[in-house]
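Step one of this worksheet: look at the structure below.
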Amino acid sequence: MEIDIFIKLTTTDTIINDWSNHPTEHKLAAYRYYIEGMPSLPLTNDRRLIEWKTLQQIARNNSVPKKKCNKVKTTNSAQNSPTKQGRRH
C-alpha cells in the first residue's frame, strides 16, 4: 500500500500571487508549509517527485519565479539536515 496526497481539483492552486503587494513572507507561506510537511509524510520517491512538480505548477500559476520556490526548498533542506539537527540538542 502506498500513501499519496489528495489535492482537490477546485482552487488548490490559488494562493497569494507574486505580483501582489503582500510581504514576501506571506507570499511564500503556502510553499513553506507544503515543503516543510513533505519530509514527514511516508511518500515514495516517485510520489515525492510528483508532489514537488505539483508545487512548481502552483508556483507558475501564481507568477512565482521557480528560483523563489527552489530557494524555499533548499533552505528547508538545510534546516532539516542531520548536521543542523544535531546542533539543536
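Positive contributions from Lys and Arg (+1) and negative ones from Asp and Glu (-1), summed over other residues with Cβ under 13 Å from the Cβ of Y34, come out at +1. Remark: E25, E51 ranked as E25, E51, counting other beta-carbon atoms within 10 Å and listing the fewest first.
Spin-label model, M1/S40: points 7 Å from Cα along the beta carbon direction are separated by 2.1 nm. Please report L43, L55 as a ranked list, fewest other C-beta atoms within 10 angstrom at the top and most at the bottom. Fewest to most other Cβ atoms nearby, the residues stand as L43, L55.
Just so you know, all these numbers are worked out from the coordinates, no wet-lab data involved. On a predicted model such as this, the values are computed, not experimentally measured, just so you know. Cβ coordinates were reconstructed from backbone atoms using ideal geometry, including for glycine residues, and neighbour counts include every protein chain displayed.
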